[in-house]
Amino acid sequence: MSIITIVGSGVMGSAMCWPARDNGHEVRLVGTHLDREIIDAAKKTGEHIKLKRRLPDGVLCYQIEELETALSGADLVIGGVSSFGARWFEENVLPKIADGTPVLSVTKGLEAQEDGTLLPFPVAMAKRMPAGRNVVLNAIGGPCLCYELCDHHHTTIAFCGPDMELLKKLRDMLETEFYHVCLSTDIAGVECAVAMKNGFALGVALAIGQKEAAGVENLNPESALFGEATRETLRLIRLMGGEEESICYFAGDLYVTVYAGRSRRLGELLGRGLDIDEARERLNGVTLESAAVDVTVAAALRRMAEDGRANPDDFPLLQHIDELLSQHAKLNIPWEKMARNA
């Protein structure tokens, strides 16, 4: 049995309690400063108020002030924060993790450097890590709805990181009869794929919103946008130096994200003709990781275009999503540009 500490008690981080406890590990769930209500309720009743499920027996819950206690002796730390909490995790949690302890993150996102170069979060964090530190950063990618993970529905995801032998050990710790784990050292490819699934789920949902507003039943428009999203993500994977095979993690993750979630909802509202401010108001302050990654990547492509490393015209759907989000543009899906750019 190992000790696994999960930092971030939102729905996805907390869902990792299930495979960890199914394999008999000691699990310590730590809430961030934003998770006090979740941890208070879990300590009192064992219920996770966001997941609407009882945590597995034996999960130990800690408030953020108890972080060092929860990290003591940990064999694995799982980063359970959203993309908006990535810097917080880097600055407040990573320095307290003992050397030699691997980190496995559910956080999905890309960080743009000053010259526009896009880096996956684990790579960007590793670059800033102080010399001499030995904490290997790994990440999880692929289709996995947190509620279905809790309920033991089958899924196949990927653990990615720089050390294949370490990845095999992490798989041994967490793989179950329903939680199936692929392994990849293609951090750029896998992380690009799963970050962009949020951004392009918004894009595919534009057509869903349009058909709902028109009161029609069709599948062609959203299917075409699904294909274009795949094409543009493959181009991004190549641009980041990733392997083309990692596009499979995008396809599976995009499929499940288009079915449900915040990214779909935002796309639907924009597809119905709402302005981005109106859509945000309807969503009542819900964090929008999809919007953040779209705007970040679109800006990075424009920066890289300055010295010829990228051509934003190769990404017409992404450009239009960025126009909707950043420039309050009217919905006008660029069908001709997408067809000409195939």
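The antiparallel fraction among DSSP beta bridges confined to the chain stands at about 25%. In the context of the full set of protein chains, residues of region 255-342 present 54 Å² of accessible surface per residue (probe radius 1.4 Å, heavy atoms only). Which of rounded, prolate or oblate describes region 49-101 when judged by the alpha-carbon gyration tensor and an a/c cut-off of 1.5? Because a/c hits 1.5 or more and a/b fails to exceed b/c, region 49-101 counts as oblate. In the chain, helical runs assigned H by DSSP with n ≥ 4 each contribute -39500 (n - 2.57); averaged across all residues and rounded to the nearest 500, the mean residue ellipticity at 222 nm is -15000 deg cm²/dmol. Surface composition of region 113-167: carbon and sulfur atoms hold 55% of the protein heavy-atom accessible area at a 1.4 Å probe. With mean projected area of the Cα convex hull in nm² in mind, check (i) 17.2; (ii) 18.8; (iii) 20.7 and report the label derived from this structure. The listed entry that was calculated here is (i). Please compare each pair in Lys96/Lys168; Lys52/Lys127; Lys44/Lys96; Lys127/Lys168; Lys43/Lys127 to a cut-off of 32 Å on the Cα-Cα distance and tell me which ones are over it. The answer is Lys52/Lys127; Lys43/Lys127.
Ignoring aspartates and glutamates fewer than eight residues from Lys108 along the same chain, the ones with Cα atoms less than 17 angstrom from its Cα are Glu90, Asp186, Glu191, Asp253, Glu289, Asp294.
Phi angles across region 269-281 convert, under the Karplus curve 6.51 cos²θ - 1.76 cosθ + 1.60 with θ = phi - 60°, into 3J(HN,Hα) values of 5, 5, x, 7, x, 6, 6, 4, 5, 5, 5, 4, 5 Hz, Gly and Pro given as x. Per-residue surface analysis assigns Glu148 an accessible area of about 80 Å², computed on protein heavy atoms at 1.4 Å probe radius.
Taking the protein heavy atoms of region 267-319 in the context of the full set of protein chains, the accessible area attributed to carbon and sulfur is 41 percent at 1.4 Å. The loop-placed GluC sites (Glu not before Pro) in region 203-297, going by DSSP, that have at most 13 neighbouring Cβ atoms within 10 Å of their Cβ come out as Glu217. Across region 322-337, coupling constants 3J(HN,Hα) worked out from phi with the 6.51/-1.76/1.60 Karplus curve, θ = phi - 60°, read 4, 4, 5, 7, 9, 10, 6, 6, 7, 4, 7, 3, x, 4, 5, 4 Hz, and Gly and Pro carry x. The Cα atoms of region 125-220 give a gyration tensor whose axes a ≥ b ≥ c have a/c of 1.5 or more with a/b no greater than b/c, which makes the shape oblate. Annotation: per residue accessible area for region 78-142 equals 40 Å², rounded to a whole number [probe 1.4 Å, protein chains only].
The values are calculated or read from the model by the stated rules, or taken from the named source; none is laboratory data. Please read these numbers as outputs of a predicted model, since none were measured by experiment. In this analysis, Cβ positions are derived from the backbone assuming ideal geometry, glycine residues included, and neighbour counts consider all displayed protein chains. For the accessible areas, the whole protein counts, side chains as well, though only heavy atoms, and no ligand, DNA or RNA atoms are used. Shrake-Rupley method; radii C 1.70, N 1.55, O 1.52, S 1.80 Å.
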